[in-house]
Amino acid sequence: QVVVCTAYAEYSWNDLLRRLDRKENLLILKKPFENIEVRQLARALTEKWHLARQAAWKLQEVEQLVEQRTIELQAANARLTKEIGKREQAEDKLRHDSLHDTLTGLPNRALLMDRLNQFVKRSLRDPEYRCAVLFLDIDNFKVVNDSLGHAAGDHLLIGVAKRLTETVRASDSVVRVGEGFASRLGGDEFVVLLDDISSTVDASRVAERIHAVLAVPFQFGDQELVISTSIGIAVSCSSEKSAEALLRDADTAMYRAKSNGKSRHAVFDEAMHAAAVNRLNLENDIRRAVEASEFVVYYQPIVCIESSKTAGFEALARWNHPSRGILQPEVFIPIAEETGLIAPLGRQVLEAACAMSRKINEHRPEGQWLRVSVN
């Protein structure tokens, strides 16, 4: 910093300063002064300059440090934001996967029950509201897997899911519930939820539309595949049924449609539920009856018309039920066949027939033995 000294000068220093444009670096004295005063002032200004310069250096260092820390913090924030984004994407994918089928992308049973519960709650609030559950099963899907392979079966399921989604309204839902549902592992079952319908007729019309859409052949390379479906329909009503009950009723109606010849639909009624409960009780009773050897064999004689003599017998299974008495084969044989209990049951009947054959032929001469036929 420069000290300009003058005593009572007439010169216009301001004009000079404006021309030099260094007013901040000049200190002007315009009075009588001693030399010592000038030295002291110069020393003080010099010290001030050094201190200001050191402060500027320190400030620059602090600014650089702040800038560096800011850059590092921004980079850390960017990395954190990216990591949070990845975690959110992973959580969204995990949440989506937990509520959707991996093969078709359709909602799974967990999301189905959530939506169905919402429909049921709405029906409780609004007595005029109706919703319907359509339970679909692809007829003979196992044949497709066994003949064309699981890859073709998966391709078929994806095609069915696409057609179902395109058939229903945007407010309705298509769900794949095959894997793990009701202890069946076929993977060929779908559920359609119909929101806000007028009556059962609306649900039946949708079922007919689905039959027509799925009847169009599916193309696998050069090969065409024609399928059919059995559909059970359950409609919400004033009985205040739970979501699980509606789904069970639709499943029961689907089995009725399948037993009536497949490729058709059936609407649930309470008689179906009673029949299903009766069937379940019979199935449990059959398991117990096999273990308790409650099945007995009746022998119907086979008579030779020419000689009117008995030529043999036909062994007929009967079930001596502890509470229902003697039951005919048409009551329990179909259930035993479906559950696999026909094997131990058949073995018991065969052993009884063999024992009877040995007993009746024990004292008969060879060539005159009576035959026992076992179905």
**Study point:** Number of the condition not met by Arg264 [criteria: (1) at pLDDT 90 or above; (2) over 36 Å from the mean Cα position of the chain (by Cα); (3) open to solvent by 70 Å² or more (accessible area, probe 1.4 Å)]
**Key:** (2)
Point to revise | Selected residue (criterion: surrounded by the most Cβ atoms within 10 Å (Cβ to Cβ)) from residues of the range 34-53 that are β-branched (Val, Ile, Thr) and touching a residue at least 24 places away in the same chain (Cβ under 8 Å) | key: Val38
Check your understanding: Does the range 317-340 hold any residues that are modelled with pLDDT under 90 and in a loop (DSSP other than H, G, I, E, B), and which are they?
Key -> Pro322, Ser323, Arg324, Gly340
Practice item. Kindly list the number of the only condition in (1) at pLDDT 85 or above; (2) outside any helix (DSSP H, G or I) that fails for Cys237. Key: (1)
Revision key, fill the gap. Of the conditions (1) more than 20 Å from Leu124 (Cα to Cα); (2) of a type in the set (Lys, Arg); (3) assigned to a helix (DSSP H, G or I), the single one that Lys262 does not satisfy is (3)
Exercise for review: Examine the range 279-292 for a residue that is within 29 Å of Ser228 (Cβ to Cβ) and open to solvent by 50 Å² or more (accessible area, probe 1.4 Å), and state whether such a residue exists.
Suggested key: yes
Practice item. Check whether at least one residue in the range 318-329 is under 16 Å from Pro301 (Cα atoms) and in contact (Cβ under 8 Å) with a residue 24 or more places away in the chain, and report yes or no. Key: no
Revision key, fill the gap. Over the range 269-316, the set of residues over 36 Å from the mean Cα position of the chain (by Cα), touching a residue at least 24 places away in the same chain (Cβ under 8 Å) and in a helix (DSSP H, G or I) is Ala289, Val290
Check your understanding: If a residue has to be open to solvent by less than 100 Å² (accessible area, probe 1.4 Å) and either at pLDDT 95 or above or of a type in the set (A, V, I, L, M, F, W, C) (or both) to count, how many in the range 54-72 make the cut?
Key -> 7
Check your understanding: Say we look at the range 349-367 and pick out the residues that are over 18 Å from Gln300 (Cα atoms) and of a type outside the set (Lys, Arg); which of these is modelled with the lowest pLDDT?
Key -> Gly367
Practice item. Might you check whether a residue that is modelled with pLDDT of 85 or more and open to solvent by 70 Å² or more (accessible area, probe 1.4 Å) occurs anywhere in the range 243-254? Key: yes
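The values are calculated or read from the model by the stated rules, or taken from the named source; none is laboratory data. Computed from a predicted model, the values in this text were never measured in an experiment. Quick reminder, even Gly has a Cβ in these numbers, built from the backbone with ideal geometry, and neighbours come from all protein chains shown. Surface accessibility is based on the protein's heavy atoms, side chains included, excluding ligands, DNA and RNA. Shrake-Rupley method; radii C 1.70, N 1.55, O 1.52, S 1.80 Å.
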